[in-house]
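Structure, as structure tokens:
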Amino acid sequence: MTELSGGPSLPQERRVVTAIPGPKSQELQARRSATVAGGVGSTLPVFTVRAGGGVIEDVDGNSLIDFGSGIAVTSVGSSAEAVVRRASAQLANFTHTCFMVTPYEGYVEVCEELAKLTPGDHAKKSALFNSGAEAVENAVKIARAYTKRTAVVVFDHGYHGRTNLTMALTAKNMPYKQGFGPFAPEVYRVPVAYGYRWPTGPENCGPEAAAQAIEQITKQIGAENVAAIIIEPVLGEGGFIEPAKGFLPEIVKFANDNGIVFVADEIQSGFCRTGQWFACEDEGIVPDLITTAKGIAGGLPLAAVTGRAEIMDAAHAGGLGGTYGGNPVACAAALGSIETMRELDLNAKAKRIEEVMKGRLSAMQEKHDVIGDIRGRGAMIAIELVKDPATKEPNAEAAGALAKACHSEGLVVLTCGTYGNVLRFLPPLVIGEDLLNEGLDIIEGALAKL
């Protein structure tokens with residue numbers, strides 16, 4: 001199936017013509033090693049020349065199936081027609097003025113779209129930034145300005161970015177925090193409802209985890225000191241953990257009852273990724289603030305904080321912003337991305353991807369004990385790998401071996417999880433079902449060899 005939104009000249013097929021990485025990629029990797037800082041990693045060192053739909057083409061002529069979407073960024077594909085058209089037109093007009101110096105309509109249009117799309121019918125305002133970490137950091141600034149409080153509550157297994165403050169908010173040490181401290185103060189971590197690993201079982205997890213989290217906040221911090229509670233409605237880097245049902249509503253109620261700003265970090269889970277515009281809609285959650293990035297602009301750097309107008313207006317004039325925040329070309333791309341999501345009903349496509357993937361993965365789980373858990377929603381699906389399904393001991397080695405086997409066959413997959421034992425799947429929402437199934441065939445073959 002040709003990509004539905006752009007890139008029709010790029011054949012939607014897997015093609016492996018050299019070893020992966022091939023000789024040209026290896027040459028480029030040598031150049032990279034000489035000049036790019038070693039701290040910048042690569043999941044798979046193949047160098048891209050074209051991408052679109054469900055494939056990535058490298059310098060050696062290999063065409064790889066994409067189950068990564070640049071970490072949930074290219075949900076509409078890497079060359080969606082509306083994104084390319086709108087961004088190209090804007091590029092020809094002007095690349096930058098700085099919205100804080102002389103503004104432009106594109107920024108306002110993106111904020112208008114965010115007000116329409118995000119949960120809740122209250123008056124909303126937005127501020128635009130460059131990256132997810134910037135959005136989260138600014139959400140904290142806004143919450144502190146509004147509440148006149150300082151403490152921030154986050155959750156086990158959460159990931160929120162790589163800046164100093166967002167490293168403090170992030171739970172996992174390696175590779176995100178190791179050696180980079182000291183970190184920002186007044187950040188407190190509490191339990192999350194991780195159903196698969198909850199001691200009394202997933203059926204008890206939601207209410208028990210909520211009670212534990214609320215007790216810790218009340219006893220150890222004091223609710224009256226908390227400016228914000230920040231959570232990913234589906235935890236991303238921590239292992240695609242869906243908090244057990246009932247957990248999020250209880251946390252939201254506690255926040256509302258105590259004047260705490262509830263922040264939904266939808267940077268990875270937003271914009272149709274889970275089969276809804278935003279993952280928090282699943283349990284009817286209406287956040288005070290919502291942070292977005294990744295899937296918002298079809299691959300261009302853009303992020304946002306959107307929320308209740310009275311909270312968003314708490315920061316003094318000039319207190320929010322940044323030179324590139326809401327760049328005009330990125331804003332044009334975002335409008336093209338949202339147009340594509342609407343036109344192609346990418347929420348429905350995400351749900352179909354879930355149906356296909358969970359069906360196939362469940363059949364694999366019956367044959368392979370290494371798959372302890374299958375979870376996620378929409379096109380945000382993961383398998384947690386274990387050494388023994390009875391003990392649930394994490395099997396990071398299997399995750400690494402599976403990823404490597406998939407890469408060698410021309411399938412881009414990513415790992416994640418606090419224990420490094422989760423294989424996550426984030427295909428573009430426009431991927432053809434034939435490619436989706438071919439990718440799952442490769443995973444099945446790799447499991448059999450494992």
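Structure notes:
- Relative contact order (%) - the chain, alpha-carbon pairs under 8 angstrom, separation at least six: 22
- Largest mean-square fluctuation among V192, V76, V40, in a Gaussian network model of the chain whose springs join Cα atoms under 10 Å apart, belongs to V40.
- Summed residue charge, Cβ within 12 Å of D265's Cβ, Lys/Arg positive, Asp/Glu negative: -3
- The stretch between T150 and T97 holds 15.7 nm of extra length on full extension. This uses 0.36 nm per residue minus the Cα-Cα distance.
- Springs join every pair of Cα atoms under 10 Å in this Gaussian network model of the chain, and among V36, V187, V286 the largest mean-square fluctuation is at V36.
- For region 176-238 versus region 282-356, the inter-centroid distance based on Cα atoms is 25 Å.
- Of the peptides 220-227, 271-278, the ranking by mean beta-carbon count within 10 Å, highest at the top, reads 271-278, 220-227.
- DSSP beta bridge pairing in the chain, given as percent antiparallel to the nearest 5: 65
- Hz values of 3J(HN,Hα) by residue in region 435-450 - Karplus curve (6.51, -1.76, 1.60), Gly and Pro given as x: 5, 4, 5, 5, x, 5, 4, 5, 4, 4, x, 5, 4, 4, 6, 4
- Taking N204, N327, N138 as the candidate residues, the one with maximal mean-square fluctuation in a Gaussian network model of the chain, Cα springs under 10 Å, is N204.
- Taking every alpha-carbon pair under 8 Å whose residues sit at least 6 apart, region 83-343 reaches a relative contact order of 31 percent.
- Alpha-carbon centroid distance for the pair region 123-161 / region 12-29, whole angstrom: 40
Rule-based calculations on the coordinates, nothing more; no lab input. In this text the structure is predicted, and so the values were computed from the model without any measurement. A quick note on method: Cβ atoms are made from the backbone with ideal geometry, for glycine too, and the neighbour counts reach across all protein chains shown.
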